[in-house]
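Some notes on the structure that comes next.
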Amino acid sequence: MKTTSLLLLLILVASSAFAQQDFRPGYIVRSGDTLQGYVDYRGAIRSSKIASFKTSPDANVYTYSPDEIQAYGFINEKKAYESWLVPTPERTGFERFFLHTLIKGKASIYTMRDERDRDRFYFSKNNGELVELGQTSYTRKDPTSGKRYKVLDQAFQGVLGSAFMECPTMTEKRLSSVQLKANSLLKITEEYNDCIGADIHHIQPPSKIQVTMMPVISYSVSSLKPTGYHLYVDGTYESTGLGIGGGLAFNVRNPALSEKLSLQLELLYAPYRFKGEIDNVSYFGRTTDYDLTFDLDYLKLPAQLRYTLPNGKIRPFVNLGVSYSQVIRSKRVEKSHSTFHSSSSVQEREALVGIFRKGNFGLLGGVGVSYHVSEHKALFVETRYETAEGFSHLRELRLPIHSLSVMTGFTF
C-alpha cells in the first residue's frame with residue numbers, strides 16, 4: 001500500500017511539473033485586426049475560456065477572454081477558435097466561449113468541451129445564431145412483454161435535415177448515418193457546402209488514431225523481499241545477472257480526444273536472477289543452511305497511460321499503468337546443507353513445488369524524455385519503477401519483485 005501511494009505521488013508531482021506553457025505559432029483577431037505571434041497551446045476546456053498570446057518568443061504574455069478578442073488560432077495545427085454566445089445547458093441565457101471551428105462555410109460546425117469533459121457541438125448557417133446539436137437516451141417499456149429497452153433520440157439529425165434541404169444528396173438514408181462526433185459532423189457539412197457550391201473558409205483536418213512502434217532495450221535492478229510466515233522469509237536475497245531485456249512498444253494516441261494523453265502498450269522480455277541464503281535453521285538437533293536460486297525469464301505486457309508535453313524537440317513525459325507478466329522459463333533450486341552431530345548431508349531439489357505462480361500482475365510508473373530528430377523519428381530514455389505480485393501462490397509466502405529500470409529506444 002505504501003509503495004502504491006508513493007508511486008502515485010511521484011507521478012502526480014511529475015505530471016504537475018510538466019503542466020507548463022506551450023507557445024506555438026498562431027494569431028489573434030482583435031477589433032477586426034489579425035495579430036501574428038505565439039499562442040499557448042493547452043487542453044480543450046481551457047482553450048474555450050482564455051487565450052494567452054505574445055508577439056514574439058521573448059515578449060510579454062497577454063491573456064484574453066472571449067469578450068476581449070474575436071478569434072484566435074494555431075498555424076501549423078490548422079486549428080481555429082471563434083468567440084460565440086453559447087446557449088446555456090438550461091437554455092435560460094447565453095455565455096460567451098471560444099468555440100473550436102471544425103468547418104466554416106455557408107454551414108458551419110463548432111465544438112467545445114464542457115466542465116464535465118463532454119464534447120458539445122453547435123451548428124450555424126449563414127453565420128447566424130448557434131443551434132446546439134444533441135441527442136437524448138431514455139428507457140421505454142414494451143406494454144406486451146414488459147421488457148425495458150433503450151431509445152436514442154438523435155434530434156441533431158432533424159436539425160441538419162432541415163438546414164440541408166436544398167441539397168438533393170442529403171437523403172434520409174444519408175442523414176441517418178451521421179453520428180454526433182466531430183469527424184462525422186464535419187464530413188456531412190463539407191458535403192453540403194460542396195453540394196450548393198458554397199466557399200469553405202476553414203476546415204479542421206480530420207483526426208486519425210496514430211500508432212507508433214518503438215524497439216526498446218532496458219536495464220533493470222531488482223530486489224526480492226519476501227513476507228509472511230514461511231521458511232524462505234528468513235533468508236537474505238540479492239539480485240544477480242545483468243538484468244538486460246527489451247522488446248517492442250506501441251504508442252496509441254487519438255488527437256481528437258487529447259494531444260497530450262496516449263496509451264503505451266509494450267511486449268517485453270525481462271530476466272530476473274536472485275540468490276538467497278538461509279542460515280542455521282535448527283530442528284530437533286539438526287542444523288541446516290539453505291542456498292536458493294531463482295532464475296526467471298518473463299514475458300511482460302505493460303499497459304500505461306502516458307502524458308506528454310508535445311512541444312519542441314525535447315518532450316518530457318510520465319507514465320502510469322499496470323502490467324501482466326508470464327514466466328516463459330524458470331530454474332528454481334533449493335540446496336540444503338545439514339549437520340546432525342558428526343554426520344552431514346547435502347540435498348538439492350526444485351524450489352516452490354506446487355506453489356509457484358507463473359503469471360502475476362503489477363503496478364508501474366515512470367518519467368522520461370524524448371528527443372525528436374524529425375516529426376516521426378525520436379530517441380527516448382525513461383526511468384521506470386515497478387512492483388509485482390511475485391511468484392508464490394501461498395498467503396504465508398509473498399515473493400513480490402520490485403524493479404527500477406532504465407529504458408531507451410527510438411520511434412520511426
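The values are calculated or read from the model by the stated rules, or taken from the named source; none is laboratory data. Keep in mind the model is a prediction, meaning the values are calculated, not measured. Cβ atoms come from the backbone with ideal geometry, glycine included; neighbour counts cover every protein chain shown.
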*Every residue from region 124-150 that is more than 32 Å from the chain's Cα centre (by Cα), part of a strand (DSSP E or B) and over 21 Å from L99 (Cβ atoms)*: T139, R140, K141, R148, Y149
*Close pairs (7 angstrom Cβ cut-off, 6 or more residues apart or separate chains): closer than 30 Å to Y290 by Cβ in region 262-279, among the hydrophobic types (A, V, I, L, M, F, W, C) and part of a strand (DSSP E or B) anywhere*: Y269/L299; Y272/L296; Y272/I401; F274/L224; F274/F294; K275/L292; G276/L292
_Being within 18 Å of Q204 (Cα to Cα), without any contact (Cβ under 8 Å) to a residue 60 or more places away in the chain and not aromatic (F, W, Y) narrows it down to one residue among S52, S83, S48; which is it?_
S83
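Could you say which residue among D194, D153 is over 31 Å from the mean Cα position of the chain (by Cα), of a type in the set (D, E) and modelled with pLDDT of 95 or more? Give the derivation first.
Values: D153 fails: modelled with pLDDT of 95 or more.
Among D194, D153, only D194 is over 31 Å from the mean Cα position of the chain (by Cα), of a type in the set (D, E) and modelled with pLDDT of 95 or more.
Report those strands (runs of 3 or more DSSP E) wholly inside region 242-323 carrying at least 1 residues which are of a type in the set (S, T, Y) and in contact with a strand residue (DSSP E or B) (Cβ under 9 Å, 6 or more places away or on another chain).
On the way: elements: 244-253, 261-283, 286-308.
Here the list reads 261-283, 286-308.
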*What number of residues within region 110-144 are within 27 Å of M165 (Cβ to Cβ), hydroxyl-bearing (S, T, Y) and without any contact (Cβ under 8 Å) to a residue 12 or more places away in the chain?*
0
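Here is a list: V353, V373. Which entry is modelled with pLDDT under 95, closer than 30 Å to E259 by Cβ and either in contact with a helix residue (DSSP H, G or I) (Cβ under 8 Å, 6 or more places away or on another chain) or assigned by TED's automatic domain parsing to the domain that holds L301 (or both)? Quick ask: steps written out before the conclusion?
On the way: V353 fails: closer than 30 Å to E259 by Cβ.
Selected residue: V373, the only one of V353, V373 that is modelled with pLDDT under 95, closer than 30 Å to E259 by Cβ and either in contact with a helix residue (DSSP H, G or I) (Cβ under 8 Å, 6 or more places away or on another chain) or assigned by TED's automatic domain parsing to the domain that holds L301 (or both).
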*asked:* Which residue is surrounded by the most Cβ atoms within 10 Å (Cβ to Cβ), if the candidates are limited to region 237-279 and must be out of contact with any Phe, Trp or Tyr (no Cβ under 6 Å at 6 or more places or on another chain) and aromatic (F, W, Y)?
replied: Y272
*Within the bounds of region 160-174, is there any residue that is of a type outside the set (D, E), surrounded by 15 or more Cβ atoms within 10 Å (Cβ to Cβ) and in contact with a strand residue (DSSP E or B) (Cβ under 6 Å, 6 or more places away or on another chain)?*
yes
*Answer yes if at least one residue in region 281-296 is at pLDDT below 95, in the same structural domain as V353 (by TED's automatic domain parsing), of a type in the set (V, I, T) and touching an Asp or Glu at 6+ places or on another chain (Cβ under 8 Å), and no otherwise.*
yes
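Do you know which residues across region 201-241 are β-branched (V, I, T), within 30 Å of E277 (Cα to Cα) and in a loop (DSSP other than H, G, I, E, B)? It would help to see each step written out before you state the result.
Filtering region 201-241 for residues β-branched (V, I, T) gives 203, 209, 211-212, 216-217, 221, 227, 233, 236, 240.
Subsequent filtering for residues that are within 30 Å of E277 (Cα to Cα) retains 221, 227, 233, 236, 240.
If the condition is that a residue be β-branched (V, I, T), within 30 Å of E277 (Cα to Cα) and in a loop (DSSP other than H, G, I, E, B), then T240 is the only one that fits.
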*Would you confirm whether any residue within region 272-282 is of a type in the set (A, V, I, L, M) and in contact with a Cys (Cβ under 8 Å, 6 or more places away or on another chain)?*
no
*For M170, are the conditions met, namely being free of Cβ contacts under 8 Å to residues at least 12 places away in the same chain, part of a loop (DSSP other than H, G, I, E, B) and of a type in the set (A, V, I, L, M)?*
no
